[in-house]
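What follows draws every value from the coordinates through simple rules; no lab data is involved. Source: prediction; values computed, not measured. Cβ: placed from backbone, ideal geometry, glycine included. Neighbour counts: every protein chain shown.
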Amino acid sequence: MKHSNNAYKAFLKTAGATFLLLGTLMASPFSASAQALGNPDLTQAGYYRMKVGDFEVTALSDGTVPQNFHQLLTNAKPGEVDSLLKQNYQTDPVELSVNAYLIKNGDKLILVDAGTAGAYGPTLGHLTESLARSGYKPEQIDAVLITHIHIDHTGGLMDGARMAFPNATIYISKTELDFWLSPESKANAPESLKTYYAQAEATVGPYLKAGKVKAFGNGKELFPGITPIATPGHTPGHTSFMLESGRQKLVFWGDIMHAAAVQFVDPSVTIVYDVDPQAAAIQRKKAFIDAAKNGYWVAGDHLSYPGIGHIRANGSSYIWIPANYSTYSSGK
Ligand SMILES: [Zn+2]
């Protein structure tokens, strides 16, 4: 690890506090949702497909889960969360999507993030069904690009005790992999973070042992047209992936944002899941400015399914224009 020892310990302390809070907050909404929805499968979307240059991009729904933004959002002004939710006809808790994305180029199938599997109850964990509806089997996936190691992005790598994508190579930023899975980092992890280290071990560990994980640096193409961009903050090695083909471009944001109604208006509002909230807010503002200025597609794992769209600057805030807002043409 490159951290100085003290800085690293301070970082872990902050991260520990964050995750302790996260653990407490996550428990109640999930159980409530499972009871309230009765048959949650009926409301789950399947897949949404579009072309980006020569690539075919398919949004896959893992499902949705209620999130209490009142408790989860931080650095908001008094009354801000309520008033922005109201403007968007939303009430707490807000139903949050968990999306993953499938990229097809020729006969190569690349997944971006892997959903939750069984980690959060029956309203989530539907990625494999969505994949099947879109016409593919997990065995056909050649590669999985991981934006960051949180259970709602890596949980679906495993199907019980077996690897859900047995023929895939898993691509993770070296910084992210070192943080969650290096023996040194694990040895220094505070008690409160142990669960999260255990989840990283349980979901990524089997692929590591099988020699199926490739750690990457940033800025260098992983596949023709697909380049990782370092966006650290939400986690230390958080990565967005840029897809470029012809004159078309789409950036897979990962967890650049969680609360559309609030953060498009005020990107400085953060969430307890951020390991380094201030850095996460900086990355969010950078991502918004760039996407609005250059007019490319973006895809967010927690934007309402399919989570693909454009953003437009509107003074100091941003307007989200989802891909399914109007009939989609291939954009040529
Ligand atoms: Zn997430």
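Rounded, prolate or oblate: which fits segment 160-234, taking a ≥ b ≥ c as square roots of the Cα gyration tensor eigenvalues, rounded meaning a/c under 1.5, else prolate when a/b beats b/c? Taking the square roots of the gyration eigenvalues as a ≥ b ≥ c, segment 160-234 is oblate. Our summary of shape: the Cα atoms of segment 200-242 have principal axis extents of 28, 26, 12 Å, ordered from largest down, in whole angstrom.
Computed from the Cα positions only, the extents of segment 108-152 along the three principal axes stand at 30, 24, 13 Å, in decreasing order. Using a Förster distance of 51 Å, how high is the FRET efficiency between Ser268 and Glu139, based on the Cβ-Cβ distance and rounded to 0.05? Plugging the Cβ-Cβ distance into 1/(1 + (r/R0)^6) gives 0.70. Solvent-free Debye calculation, one equal scatterer per alpha-carbon of segment 55-97: log10 I(q)/I(0) at 0.17 Å⁻¹ equals -0.57. Spacing of the modelled spin labels on Glu80 and Ala132, each 7 Å from Cα toward Cβ, amounts to 4.4 nm. Scan segment 239-316 for trypsin sites (Lys or Arg not before Pro) in coil per DSSP, keeping those whose Cβ has at most 14 other Cβ atoms within 10 Å, and list them by number. When the trypsin sites (Lys or Arg not before Pro) of segment 239-316 are filtered for loop state and at most 14 Cβ neighbours within 10 Å, Arg247 remain. Derived value for segment 207-332: Kirkwood hydrodynamic radius 15.4 Å. Basis is the mean of 1/r over every pair of different alpha-carbon atoms. Length gained on full extension, Lys186 to Arg49, computed as 0.36 nm times the residue gap minus the Cα-Cα distance: 45.4 nm. When each of the peptides 86-94, 301-309 is scored by how many other beta carbons lie within 10 Å of its residues on average, the order from highest to lowest is 301-309, 86-94. Overall size of segment 218-278 from C-alpha positions, given as principal axis extents largest first: 35, 24, 12 Å.
Between Ser316 and Leu208, the contour length at 0.36 nm per residue exceeds the Cα-Cα span by 34.5 nm. With only the Cα atoms considered, segment 62-127 has a convex hull volume of 127 Å³ per residue. The value of relative contact order for segment 203-312, using C-alpha pairs under 8 Å at least six residues apart, is 22 percent. Translational diffusion of segment 156-196, estimated by Stokes-Einstein from the Kirkwood radius over alpha carbon pairs at 37 °C in a medium of 0.692 mPa s, is 272 µm² per second. Across segment 99-108, rounded Karplus estimates of 3J(HN,Hα) from the backbone phi angles (6.51 cos²θ - 1.76 cosθ + 1.60, θ = phi - 60°) give 10, 9, 9, 10, 10, 10, 9, x, 9, 8 Hz, Gly and Pro being marked x.
From the square roots a ≥ b ≥ c of the eigenvalues of the alpha-carbon gyration tensor of segment 58-197, which class results: rounded (a/c under 1.5), prolate (a/b over b/c), or oblate? Oblate, since a/c reaches 1.5 and b/c is not below a/b.
For segment 200-215, putting each phi into the Karplus relation 6.51 cos²θ - 1.76 cosθ + 1.60 with θ = phi - 60° gives couplings of 4, 4, 5, 9, 9, x, x, 5, 4, 4, 7, x, 9, 10, 10, 8 Hz, in residue order, rounded to whole numbers and with x for Gly and Pro. Using the Karplus relation 6.51 cos²θ - 1.76 cosθ + 1.60 with θ = phi - 60°, the per-residue 3J(HN,Hα) values for segment 115-123 come to x, 9, 6, x, 5, 10, x, x, 7 Hz, with x marking Gly and Pro.
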